[in-house]
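See structure below.
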Amino acid sequence: MPMHRLVTIGVYDFDVESFLQRLRAADVRLLFDVRQRRGVRGPDYAWANARRLQATLAGAGIAYEHHRELAPTTEHRHLQYAEDDRQGVGKRSRRELAAEYVRRYTAEVLDLVDLVPLLAVLPTQGRAALFCVERDAVACHRSLIARRLTEQHDVSVEHLAPA
């Protein structure tokens, strides 16, 4: 059985109450924010902007860490946006990552980051969560981080989505 348990979660299609409910149900004790820019446009997701999110999590007894070193660069995001445009999908309705995005993010970010320090702070009770924006993990770089943790560090991963 894997030594560490982790979940991933996004912003889209959650409100703050349902987001916290999913985290509590998964026994999340620590949230790793892996966004480059820690804001989300629009009033429906203002709760996910860094300061508000950190205050909400603190009130719920969930620790917060920002890991910008795991965030895609602006250039990486633009690669994905170009593929989204080519396929005629919006980032909120994306269902997969572009192959070039995956290749570049893996080579230019994920392969260069030592994940051992991340593992060292995983809670011994409960779980940690990788957090970004996209609703579905397969449409987000957090799935690539999760896969790396599973394959190289024996971490069990569950992807949380809105009910």
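Each value in this text was obtained by applying a stated rule to the coordinates, not by laboratory testing. Predicted, not measured: the structure shown is a model, and the values here were computed from it. We place every Cβ from the backbone using ideal geometry, glycine too, and count neighbours over all the protein chains shown.
Largest mean-square fluctuation among 95, 142, 41, in a Gaussian network model of the chain whose springs join Cα atoms under 10 Å apart, belongs to 41. Maximal additional length on extending the residue 99-residue 52 stretch stands at 13.6 nm, based on 0.36 nm per residue less the C-alpha distance. Could you compute the net charge surrounding residue 53? Neighbours are other residues with a C-beta less than 11 Å from the C-beta of residue 53; K and R count +1, D and E count -1. Its environment carries a net charge of +3. At the listed q of 0.10, 0.13, 0.16, 0.18 Å⁻¹, the Debye profile of the stretch 4-159, built from one uniform point per Cα, gives log10 I(q)/I(0) equal to -0.33, -0.57, -0.88, -1.13.
Its convex hull of Cα atoms gives the stretch 79-163 a direction-averaged projected area, equal to a quarter of the hull surface, of 6.3 nm². Subtracting the Cα-Cα distance of residue 25 and residue 108 from their residue separation scaled by 0.36 nm leaves 26.4 nm. Please state the relative contact order of the chain as a whole percent: Cα pairs under 8 Å, 6+ residues apart? So the answer I get is 45 percent. Here the spin labels are modelled as points 7 Å beyond Cα on the Cα-Cβ line, and at residue 75 and residue 60 they lie 3.6 nm apart.
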